[in-house]
Amino acid sequence: MAANRVRVAVFIDWQNVYKTAREAFGMGKMPSEYGNFSPFKLSRLLALGNGRAKTGELVCVEVHRGLPSQRHDPKGYAANRRQAAAWKKESPLVVPKMRSLRYPRNFPAEQPVEKGVDVALAVGAIEATLRKRCDVAIIFSHDTDLLPVPEAIARLAGADCVETASWASQRFQGRLRPKSASPIVHHPISERVFKAVEDPTNYARK
């Protein structure tokens with residue numbers, strides 16, 4: 001790798017950013033496939049951001065999400081697997097990180113929930129930074145529970161080793177706002193950019 005290359009890894013909190021895209025860009029009443037996007041295409045744009053241009057080298061895209069139960073929700077399980085396969089087919093840099101959803105005893109009256117997804121993302125991002133697998137880790141989420149992640153990376157490795165990203169529109173301005181001794185770069189992702197990386201595929205269909 002050339003000395004001037006900046007290795008960028010992107011860590012995506014999938015369910016959070018999928019739901020927030022629907023909210024930010026007015027797709028709440030549209031079919032469920034609206035809000036999907038290509039993790040690789042978006043991450044490639046983020047790697048070129050912050051003035052890096054062609055010096056930014058995307059080295060990894062971790063997509064963290066919950067995995068439906070094959071027994072409780074075979075359709076959701078199959079859709080999830082097909083989508084993950086499509087991500088990996090687009091680029092081997094994309095690594096889906098699945099954790100089984102936790103189903104309550106009174107399912108389906110009560111919906112399943114993600115457990116451990118944010119912790120797995122946190123561990124992945126911090127480990128990648130401290131083990132020098134990347135020069136910059138970009139955290140793409142609006143979940144304030146993940147605020148300690150960019151804060152920890154900035155404290156342990158330096159503020160220039162971590163960045164954040166979020167959707168941005170007139171109706172939605174939510175984002176992670178980490179506290180750090182030095183400013184942490186943030187990438188506001190507009191609807192125009194979302195449209196450029198959108199993937200309105202219904203993965204529930206075979």
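The values are calculated or read from the model by the stated rules, or taken from the named source; none is laboratory data. The structure presented is a predicted model; accordingly, all values stated were derived computationally and were not measured. Don't worry about glycine lacking a Cβ; one is built from the backbone with ideal geometry, like all the others, and counts go over all protein chains shown.
Here is how the numbers come out for the structure above:
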quantity	calculated
Lone unmet requirement of (1) among the aromatic types (F, W, Y); (2) more than 17 Å from V10 (Cβ to Cβ); (3) in contact with a Ser or Thr (Cβ under 8 Å, 6 or more places away or on another chain) for W87	(2)
Output for the stretch 61-92, where each listed residue is more than 17 Å from V117 (Cα to Cα), surrounded by 19 or more Cβ atoms within 10 Å (Cβ to Cβ) and of a type outside the set (S, T, N, Q)	A79, W87
Output for the stretch 16-37, where each listed residue is in a loop (DSSP other than H, G, I, E, B) and not polar (S, T, N, Q)	F25, G26, M27, G28, K29, M30, P31, E33, G35
Sole exception among (1) over 21 Å from H142 (Cβ atoms); (2) at pLDDT below 95 for G28, by number	(1)
Tally, over the stretch 49-75, of residues that are over 21 Å from the mean Cα position of the chain (by Cα), within 24 Å of K19 (Cβ to Cβ) and among the charged types (D, E, K, R)	2
Candidate set from the stretch 5-44 (those that are aliphatic (A, V, I, L, M) and closer than 20 Å to T129 by Cα); member that is surrounded by the fewest Cβ atoms within 10 Å (Cβ to Cβ)	V6
Any hit, the stretch 107-115, residues being surrounded by 18 or more Cβ atoms within 10 Å (Cβ to Cβ) and part of a loop (DSSP other than H, G, I, E, B)	yes
Residue within the stretch 157-169 that is on the phi > 0 side of the Ramachandran plot and modelled with pLDDT of 95 or more present	yes
Unmet requirement for R44, which otherwise passes all of (1) assigned to a helix (DSSP H, G or I); (2) out of contact with any His (no Cβ under 8 Å at 6 or more places or on another chain); (3) under 23 Å from S166 (Cβ atoms); (4) touching a residue at least 40 places away in the same chain (Cβ under 8 Å)	(4)
Close pairs (8 angstrom Cβ cut-off, 6 or more residues apart or separate chains): in contact (Cβ under 8 Å) with a residue 24 or more places away in the chain in the stretch 114-136, assigned to a loop (DSSP other than H, G, I, E, B) and charged (D, E, K, R) anywhere	D118/D143
Boolean, K54 is closer than 25 Å to N4 by Cβ, out of contact with any strand residue (DSSP E or B) (no Cβ under 9 Å at 6 or more places or on another chain), part of a helix (DSSP H, G or I) and of a type in the set (K, R)	yes
Any strands (runs of 3 or more DSSP E) falling wholly within the stretch 120-206 and containing at least 3 residues that are not aliphatic (A, V, I, L, M)	162-167, 185-189
